[in-house]
Each structure stands twice: as C-alpha cells, then as structure tokens.
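Undergrad: Below you will find the structure I want to go over with you.
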Amino acid sequence: SPTAYRKQQQYKVAIVSHLFLQDHLLSLGIAPVAAPSFPSYYGGRGFPSYLQGALAGTLALNVERSVSSVEVTRLSPDLIVKMSFSNNPYDRDWKEAKNTVYLDGYPNWDGYLMDFADRLERLDEAQRIVQRIEAAEESARAALSPMTNSGSWAIVRAMPNDLRLYTGRNHAFTDLFYRGLGFTPVLLEEGYAYQEHAY
C-alpha cells in the first residue's frame, strides 16, 4: 500500500533544537541528517559518546551559537524540526522553509516521541517503545522504593561555569526521575525547568 511504501522510505530529517531529540528519532529507526551538538560539553563532535556511532553521518549543529537556516537547508531535508532557543535568532528565515515544523516543548520524553512518530507515520513503533519504557520504569520503581519513600529529592547538575538546580517540573530528565522512577521532588519554582547558577 502507499502507506507501507512511505514507511519503508528513509526520511531525511534535520533537528534544530537545544534538546537531544535525535534520541527519539533514532529509536524510530531514522538517523537525522543534522542534529544539535554541544562541543564544549562533549568535545569533538559534541554528541554524547553513546550517540557518536549512530550519528556518524549526521551533521553536528553547534547550538552553543546561532545556527543559520542555510546550514540545514543545503542538506535538502524532507522535514526540519525546529525549536526556538536562546542562541538561534533566525526564526524568520526558518519560517520561509516550507518543510519546517515547530515543536513546542513537551514536559515528558514520550510527548516528543509521539509527535515525531505521528509526523513520520510510525505510531505503532512509538507505542511499543513507550510500553517497553513504562515496564522498565515500573520495575525500577519497585526496586528503588526504599529510597524513593525516604524523603524529598533535588537534582543538582554541575556544568562548566554553571550549577543547575532542577525543580521537578518542565524537563524530560526530571520527568524520568520523579514521575518515572517515583522520587518525590523538592519543588522550588513553578514554570521553570531549573535554576541556573544555584550556588
């Protein structure tokens, strides 16, 4: 059928984001043609070590600086997934590309996954992934229950020139830690994913 034929084709997808959304795309069997990288945090290509093999042919977009639309459009992607972020003021240029879609921030990882899957006609694969992750989280929650029931928890992330204190809301990592694994958050500020320079 035409739908089955389209599913077999390899989509050329570029991700312009301050988040590592390439994980979600790879889980659906698609390697992006361009994806965000953070060279000052990960050295070299700017991808975490677990992603470097899978992204060997992917253009690393340094999102620690502004990313020009020309960097991406010259790859002729079928789809450009764009998020607005502080180092990227080129929104007017991106809007002129007809194949650009804007992705609002989801507080949960599965929101991004299902959005990708819907656009790329891979909802069945995405639902299987969500079920596997939920089963793994349930098992981990049971194993961690002696710790998760022993008080409130805060996540502190040490980064070059920054110390971030995560609040328990509006971030995919805190979603895993608090919702997925069952730790009780110390809520500090509503509406923010983390406090920067929390010394």
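Undergrad: Please give the helix 123-148 orientation as an angle from the longest Cα principal axis of the chain, in degrees from 0 to 90, rounded to the nearest 10.
TA: 20 degrees
Undergrad: Another one. Based on the mean of other Cβ atoms within 10 Å per residue, sort peptides 178-186, 125-133 so the most packed one is first.
TA: 178-186, 125-133
Undergrad: Also, quick follow-up: Around L21, under 15 Å between beta carbons, what's the net of Lys plus Arg minus Asp minus Glu among the other residues?
TA: In short, -3.
Undergrad: Placing +1 at every Lys and Arg Cβ and -1 at every Asp and Glu Cβ, with all other atoms neutral, what dipole size does the stretch 19-141 have around its Cα centre, in debye to the nearest 20?
TA: Using Cβ point charges on Lys, Arg, Asp and Glu, the stretch 19-141 gives about 400 debye.
Undergrad: Given the options N87, N62, N161, state which has the largest fluctuation in a GNM of the chain using a 10 Å cut-off (strictly under) for Cα springs.
TA: Greatest mean-square fluctuation among the candidates belongs to N161.
Undergrad: Given axes a ≥ b ≥ c from the Cα gyration tensor, I'd like to know whether the stretch 10-95 is rounded (a/c under 1.5), prolate (a/b larger than b/c) or oblate.
TA: oblate
Undergrad: Follow-up question, since we're still on this one. Taking the solvent-accessible surface of protein heavy atoms with a 1.4 Å probe, what is the per residue accessible area of the chain in Å²? Let's see the in-between values first.
TA: Numbers: 10880 Å² over 199 residues.
With all protein chains present, the chain gives 55 Å² per residue.
Undergrad: Give me the percent of the accessible area of the chain that comes from carbon and sulfur atoms, probe 1.4 Å, all protein chains in place.
TA: Working: 5690 of 10880 Å².
Carbon with sulfur: 52 percent of the solvent-accessible area.
Undergrad: Net charge near M159, counting Lys/Arg +1 and Asp/Glu -1 over other residues with Cβ under 15 Å of its Cβ?
TA: Around M159, the charge tally is -1.
Undergrad: Around K12, which amide H atoms from residues at least 5 apart in sequence, or from another chain, sit under 5 Å from its own amide H, with H modelled in the peptide plane?
TA: So K12 has HN proximity to D78, L79.
The values are calculated or read from the model by the stated rules, or taken from the named source; none is laboratory data. Only a predicted model underlies this, so the values are computations on that prediction, with no experimental measurement involved. Because the Cβ atoms are built from the backbone with ideal geometry, glycine has one as well, and the counts that use them run over all protein chains shown. What goes into the accessible areas is simple: the full protein's heavy atoms, side chains included, and nothing from ligands, DNA or RNA. Shrake-Rupley method; radii C 1.70, N 1.55, O 1.52, S 1.80 Å.
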